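Worksheet for the structure shown next.
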Amino acid sequence: MDVIVGVSIPVYQDVLRKIRLIRCLGLSWIEFGFFKGFPVSTNLISSLREMMLRLGLRCSVHCPYFINFCSEKSIVRERSLEIVTKCLEVCDFLNCELAVIHAGYYGSYGPSRCFHIIRDNLLKIIEHVSRLGIKCKIAIETMAKDSQFGSLEEVVKLCSDVESRIVVPCIDWAHIYVRYRGYISFRDVLKLVHEKLPWLDSLHSHYTSVNDFEDYHVPVGKGPPDFEEILKALKECQYFRRVVIVCESPLLERDAVKLLKMVREFF
Ligand SMILES: [Zn+2]
């Protein structure tokens, strides 16, 4: 099993310098965070594409935080559809493999209705991007809060319901830890994903340490979940050909190197 450590970087002015640094540090995956949408120039996106091709780095995209397919406001729902589609187009242009999304908040709809709303939106997006010949995957992230769509079970069920294999899970280890208050074993997480999605051969994931059971990112090692426990579970289970772990610690590349070192010692 190939374990790849990457780093999440917001796409702002100094992103090109950051990419060079990331390459020098031996990291081979970048997740481009379009967290605030697209006040990003097309010139910058073209430079990103050129640099990624030149350096041979692999990548993913993280869609904006304001996406909410289950909002009561139709303008937010429409905008979410539009922005995820735009992210997938950018993802394809940058030769990234997938785009990660936070699908939404239950709000007044509740979990079951929300599930169907998100699924219907994904189907619309898939139809649109397949017409354009875009092959990027959509990764649905497991979320920390009880008010958010994104329990492990929901994410896995959504991926299996859509049936296209274009929708995959993004296992955010810290979010899972927080949502389940630590009462979930990492082995069980991997087992469930594998049982419900046996076709999945590459697992995309995020890691950061958090402040106890709060979704507040702290440097690696300064809080749970224990990264070594995750590595142990991965090594034991061996369900996937490849696992990508994107570092989301506040120290980003510095902590990503720390994680990479641990991965190399472990595997
Ligand atoms: Zn995220």
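Laid out as a table, the results:
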{"item": "Net lengthening on full extension, K73/S47 (0.36 nm per residue, minus Cα-Cα)", "result": "5.8 nm"}
{"item": "Built amide H within the under 5 Å cut-off of V246, gap 5+", "result": "G6, S205, H206, Y207"}
{"item": "Mean separation of Cα contacts under 8 Å (6+ apart) over length of the chain, as relative contact order %", "result": "19"}
{"item": "Qualifying trypsin sites (Lys or Arg not before Pro) for the stretch 94-200 [loop in DSSP, other Cβ within 10 Å: at most 15]", "result": "K135, K145, R165, R181"}
{"item": "Estimated [θ] at 222 nm from DSSP helical runs (n ≥ 4, -39500 (n - 2.57)) normalised by residues in the chain, nearest 500", "result": "-14500 deg cm²/dmol"}
{"item": "Pairwise FRET efficiency - F93 versus R131, Cβ, R0 = 22 Å, nearest 0.05", "result": "0.85"}
{"item": "Loop-resident sites, the stretch 42-92, for GluC sites (Glu not before Pro), counting at most 14 other Cβ within 10 Å (DSSP)", "result": "E72"}
{"item": "Cα-centred dipole magnitude for the stretch 1-127, charges only on beta-carbon of K, R (+1) and D, E (-1), debye, nearest 20", "result": "280"}
{"item": "Beta bridges by DSSP in the stretch 2-266, antiparallel share as percent, to the nearest 5", "result": "10"}
{"item": "Exposure proxy order (Cβ contacts within 10 Å, fewest to most) of D255, D14", "result": "D14, D255"}
{"item": "Amide N proximity, the stretch 187-227 versus R181 label position 7 Å along Cα-to-Cβ, cut-off under 14 Å", "result": "213-214"}
{"item": "Listed pairs K145/K258; K18/K135; K36/K73 exceeding 23 Å between Cα atoms", "result": "K145/K258; K18/K135"}
{"item": "Signed unit charges on C-beta, dipole axis of the chain, positive-most listed residue V3, M51, S164", "result": "M51"}
{"item": "Under the span-like rule (Cα at least 18 Å along the axis, Kyte-Doolittle mean at least -0.5), DSSP H helices of the chain", "result": "42-55, 74-93, 110-131, 252-266"}
{"item": "Within the stretch 89-124, backbone nitrogen closer than 13 Å to the virtual label 7 Å beyond the Cα of F38 toward Cβ", "result": "89-94"}
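FYI, it's all coordinate maths here, none of it is from the lab. Keep in mind that what you see is a predicted model, and the values were worked out from it rather than measured. We place every Cβ from the backbone using ideal geometry, glycine too, and count neighbours over all the protein chains shown.
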